[in-house]
Amino acid sequence: MSRRASRSGRSVWRRLLLLVGLIVFILWANLAAAIYLLWGAQQNYRALVDTEVPRLLLVGELSRHSADLAGLATSVLSGQTGEDAFVAETRSIGDAIRASLAAAGSGAEAVNPIGQGGLGATLAEVLLAAEAQRDLGARLDAQVEALRWLNVDIQDEVEPVLRDFDYNIAARMLELWQAGDPAARAALAASIGAEREERDIFAEIGSDAAVAMTLVVQGAVAEDAERVTQLETLLHDFRARLNERLSALPEAPELVTLRQSIDRLFALFAGEGSVIDHRRRWIEARDRAYQAITATLAEIDAIQTRLGDLSNTEREAVLARIEASAEQIRTMTFWLVGGTALVVGLGALGIDRLIRTRIVVPLRSLTERLMATAEAEAGPRGGDDLERLSFAVGEFQRAIAARDAAIETLRRTQDELVQAGKMAALGALSAGISHEINQPLGAISYRMSLLSDAAGAGDLPEVTRQAELVTALSERIQRIVQHLRRFARRGRFEPTALALDDLVGNPARLLEPRLREAGIALDLDPSLKGARVMGDPILTEQVVLNILTNAVDAVVDLGPEAPATRRRIRVAAEPEPEAWRLAVCDTGIGLGDLEPEAAMMPFVSTKQAGRGMGLGLSISYNIARDMGGDLTLAARADGPGAVATLRLPRAAEDDTHG
């Protein structure tokens, strides 16, 4: 029957697969025809894109470059752009125009190949004019700087001579006032007049030289040729005046340097290579640059016009091809939709028949089985198969939910048992814990008495020492209480990396009073150092405490007459590739006739009546299993006693190597 069902299932899926495959094949055939037509339309669109889009992009980029050139022309005329910036911007715009024409492809190159007259020539002329303007500007800056130093030299020549004239005139005026002879007074008056005349000539030379230099500086920054011509005329007048005044002076050696400075001044504003000549050529270069920019704008406008004419001519033919392709696509879309609807309808009929005969019947059988498994009452009558199946699935889910609730109840019961085990362990340790707390409390009382005596005697160092001892004792009590509170806290399983020596050391400290009272030696093997395991710190410590408590009880049950060799408990660790095994060996009464597996069962104990409920090992076993480990119990092979082995997963940051 199973083989028949398997063959039937394969037959259903084979038929369904063949039917779906046929439908998909027909749909793919229709889709292939549509893709072919779309491909033809795509070719037409691509032809349009390949020819028109580059031209449109080129027109847009040329428009942007035209705006840049117009802004550059405005900057040239207004003088807002420096010569270096003008050259750099001219080169940048020229390179951008060349790049745009080169990237536009064959259509743009057919309009105007860059560099073969037209736009290329005008761009080259703009760059030449810009470079000439930059070079002339640099020369003008150097000449203006030289002119400033020359003005300093001339003033340095004139001012000392003027001071000499003033001194001589003052001296002769004093002589004139003191002279009594009329002839001497007349000679002194004539000498004073000559001195004043020469002084006035020198003062006018200094003033005219300063004015001439100011006019030269104005000429160096003039913005039009007419202004340059006006300044040149004024400078020629000042040159004539300076020559006239220099000729009125005697040929004295102290005036040679002044005459040379005046000649250098004449050379800076008159003749070829002067400031006026360079500024006139600078204005001419600026005008040439503006004219070249205007011509470039005209060339760009002509290119845009020619590109527009070409686009209008070719666009009509391409649009006609696109319209024909669109008509084919519309026709194909009609046949594609109709064929798809026909195929889908026939396929739906076939699938419906197949589902009715091959799927609905098995679904009804599955519904009945689910209802039987969930032990539910009869489902709704009169509903369809899916409704009944939904009801059966709901009943099955409710059965699963009831099972999960029972499992959760068992888990809570286990948590309560774990907590009860903690409380039982703490109750068993209460006498030792009381001793551990009472001992430091008594010491605190004694130390407080000593502190009071020291305070009465005014012995401050002794007061400090006793206070520190009292603080240490109170901190010891606080650590004990914190450890007990942490151990007794209720909580869920929280795995973390734990040091194995701490897991053994903390319970050992709690059991220390019982160990001392019973005279039991606890040996902690060095193998515990460095070993790290994964587990919940509280629950793992509870397991270790239960194991150690059982070992202590087993040794105590030997009686007080047992020798010291039988009063030993040894704790050691042994590594595995993925875990650590913690072995607790005692020399107590052993398991007797009890099987090790039976000792893990609830309410099974080897202790005397009234000394335990038999839940410690059972709880510890379940805790170890929940943490991915294990707990086993066995008789010692080398003597009396028992061995409890706790296996815990190795932590990732374990310092040892197994």
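The table below gives the values:
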item	result
Stretchable slack from T645 to A341, in nm (0.36 nm times residue separation minus alpha-carbon distance)	102.1 nm
Calculated from backbone phi, Karplus (6.51, -1.76, 1.60) coupling profile of segment 462-468 in Hz, x at Gly/Pro	5, 4, 4, 5, 5, 4, 5
For R636, distant residues with modelled amide H under 5 Å away	G641, A642, V643
Label point distance in nm, R148-A298, each placed 7 Å from Cα along Cα→Cβ	4.3
E204/T305 FRET efficiency (R0 56 Å; Cβ-Cβ; nearest 0.05)	0.30
Contour excess over end-to-end distance, with Cα ends at A190 and T471 and 0.36 nm allotted per residue	89.5 nm
Gyration tensor over alpha-carbon atoms, segment 160-242, equivalent ellipsoid semi-axes in Å	43, 11, 6
Calculated FRET value between L18 and A320, using beta carbons and R₀ = 41 Å, to 0.05	0.35
Sequence ranges 178-184, 167-173, ranked by mean other-Cβ count within 10 angstrom, highest first	167-173, 178-184
Residues with amide H under 5 Å from that of W580, placed H, sequence gap 5 or more	L648, R650
Whole-number percent relative contact order across segment 137-279, with pairs defined as alpha carbons under 8 Å at least 6 apart	34
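Each value in this text was obtained by applying a stated rule to the coordinates, not by laboratory testing. Only a predicted model underlies this, so the values are computations on that prediction, with no experimental measurement involved. Positions of Cβ are generated from backbone atoms using ideal geometry, with glycine treated the same way; all protein chains shown enter the neighbour counts.
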